[in-house]
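Accompanying notes for the structure given below.
We did not get these values from a lab; they are worked out from the coordinates using the rules stated. Quick caveat: nothing in here was measured; it's all calculated off a predicted structure. Cβ sites come from the backbone with ideal geometry, for glycine too, and all protein chains shown count toward neighbours.
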Amino acid sequence: MNLQSLVEKATQKEHSVVAVAAAEDKEVLVAVGMAVEKGMAEFILFGDKEKIEAIIEESVPKIKSHDAIKIKHAASPQKAAELAVKAVRENEAGALMKGNVPTAVILKAVLNKEWGLRTGNVLSHVAAFEVPNFDQLVFVTDAAMNITPDLNQKTQIIENAVKTASSIGVTTPKVAPIAAVETVNPAMQATLDAAALTAMNNRGQIKGCIVDGPLALDNAISHKAAEHKGIQSEVAGQADILLVPNIETGNALYKSLIYFAKAKVGAVIAGAKAPIVLTSRADSAESKLYSLALAICSASK
Ligand SMILES: CCCC(=O)SCCNC(=O)CCNC(=O)[C@H](O)C(C)(C)COP(=O)(O)OP(=O)(O)OC[C@H]1O[C@@H](n2cnc3c(N)ncnc32)[C@H](O)[C@@H]1OP(=O)(O)O
């Protein structure tokens, strides 16, 4: 599985609708245009109607007046976020996408108690990477939402990542809780949590995956490194999901993979009523398309 085959898989899903919050953003509309051209989804674009129409006219004229696009005016990015979230809540759309609105604004709308997309579970960021010279997708979680997750949050972050991976055919994924070392050191909380998560998985408290850690990053993804350390593990050297201990580790790993390793990525926020595409301004339109594909594949409808 690579990210291009994810796009094809998403295109085969019937009648996917995505609500875009503050769609007045060139890169977002270019990605929407690519998705529409592929017949991947229909879009409800909430935001400044005049600006959206002007960007479409200039940058993606092929989707002007397209049947797959509806534009709904919102007086501000905040209002656009609210309307897009409500469209998902009311089942008019099966996924949400962030446009030209600050991350905190859309996340706060998603977390709104009255009309948001809470489910009672932790929401978390799941990123699927296609890394050059690596023959499988590698998932990294959580690089963007939960700042310093505790053990309970980490269990739910794993569950969200497992559901997302399973939705694209990675069944019973191997999960490596990442630490600086592969042995338990009471001075390093990440190693204690990793050992607890492993025990919870062994006792059936975390299902649908194989968890083994702590593992340092090299032992998690390289058989050679794992063998060198003499690590016997079902996960070492072949992890599908890398659970990072905090947002700084995850965010630095995410950006290292993109900038140093030239990896491609698609990412969603999982755990809400519907998947959320939360790309950053620096992400390419191609990356936004991969994220849309991941959201569509992992949406329940
Ligand atoms: C990787 C590429 C993209 C990037 O680089 S993105 C950049 C890095 N990311 C960020 O800066 C976002 C980091 N996270 C945050 O800023 C905050 O955690 C976030 C998500 C905005 C929430 O902040 P606040 O609204 O201040 O949240 P809070 O802690 O006061 O909680 C308010 C209510 O929301 C709930 N909540 C917060 N995070 C949650 C979660 N992950 N899952 C489920 N519920 C969550 C929280 O429990 C609270 O609920 P209640 O009001 O007590 O019922």
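Among the DSSP beta bridges whose two residues both lie in the chain, what percent are antiparallel, rounded to the nearest 5?
Antiparallel bridges: around 30 percent, rounded to the nearest 5.
At 7 Å along the Cα-to-beta-carbon direction for both Ser300 and Ser65, put a label point, then send me their distance in nm to one decimal.
3.9
With a cut-off of 16 Å, note down the residues of segment 103-131 whose backbone N falls inside the zone around a label point 7 Å from the Cα of Phe260 toward its beta carbon.
131
Which of the aspartates and glutamates could be linked to Lys108 by a straight reach, that is with a Cα gap under 16 Å, when you skip same-chain ones fewer than 8 residues away?
By straight Cα distance, Lys108 reaches Glu82.
Apply 1/(1 + (r/R0)^6) to the Cβ-Cβ distance of Glu57 and Thr11, taking R0 = 41 Å, and write down the FRET efficiency to the nearest 0.05.
Here the calculated transfer efficiency is 0.95.
For the chain, what does the helix formula give at 222 nm: sum of -39500 (n - 2.57) over DSSP H segments with n ≥ 4, over the residue count, nearest 500 deg cm²/dmol?
Result for the chain: -12500 deg cm²/dmol, rounded to the nearest 500.
FRET efficiency for Gln205 and Asp135, Cβ-Cβ distance as r, R0 = 30 Å, nearest 0.05?
0.45
How much length is gained on full extension from Arg281 to Met1, taking 0.36 nm per residue of separation minus their Cα-Cα distance?
Here the answer is 98.2 nm.
Answer with one residue from Ala22, Ser5, Phe46: the one whose Cα lies farthest towards the positive end of the charge dipole of segment 1-62, charges on Cβ with Lys, Arg +1 and Asp, Glu -1.
Ser5
How many angstrom separate the Cα center of segment 120-170 from the Cα center of segment 183-260?
Measuring centre to centre over Cα atoms gives 12 Å.
Of Ile157, Leu257, Thr172, which is farthest on the positive side of the dipole of the chain, counting Cα position, with +1 on Lys and Arg Cβ, -1 on Asp and Glu Cβ, and the Cα centre as origin?
About the Cα centre, the residue reaching furthest to the positive side is Ile157.
Once fully extended, how much extra length lies between Asp150 and Leu111, figured as 0.36 nm per residue of separation less the alpha-carbon to alpha-carbon distance?
12.1 nm
Using the Cα centre as the reference, give the magnitude of the dipole from point charges on the C-beta atoms of the chain (Lys, Arg: +1; Asp, Glu: -1; all else neutral), rounded to the nearest 20 debye.
460
Calculate the dipole size of segment 126-260 relative to its Cα centre from +1 charges on Lys and Arg beta carbons and -1 charges on Asp and Glu beta carbons; express the result in debye to the nearest 20.
So the magnitude is around 160 debye.
Residues in segment 108-142 near a label at Glu90, defined as backbone nitrogen under 14 Å from the 7 Å Cα→Cβ point?
Once the point is set 7 Å along Cα→Cβ of Glu90, 115-116 turn out to lie under 14 Å by backbone N, inside segment 108-142.
Rounded, prolate or oblate: pick one for segment 126-260, where a ≥ b ≥ c are the square roots of the eigenvalues of its C-alpha gyration tensor, a/c under 1.5 means rounded, and failing that, prolate if a/b is larger than b/c, else oblate.
Rounded is the answer for segment 126-260, as its axis ratio a/c remains below 1.5.
Which cross-chain or sequence-distant (5 or more) residues have an amide H under 5 Å from the amide H of Leu111, H modelled 1.01 Å from N in plane?
Leu117
What number, in percent, do you get for the relative contact order of segment 126-260 if the mean sequence gap of Cα pairs under 8 Å and at least 6 apart is divided by its residue count?
Here the relative contact order equals 32 percent.
Which of Ala220, Asn112, Ala270 sits closest to the plus end of the dipole of the chain, meaning its Cα is farthest towards the positive end, when Lys and Arg get +1 and Asp and Glu get -1 on the C-beta?
Asn112
Eight or more residues apart or on different chains, and alpha-carbon atoms under 18 Å: count the Lys pairs in segment 169-301 matching that.
7
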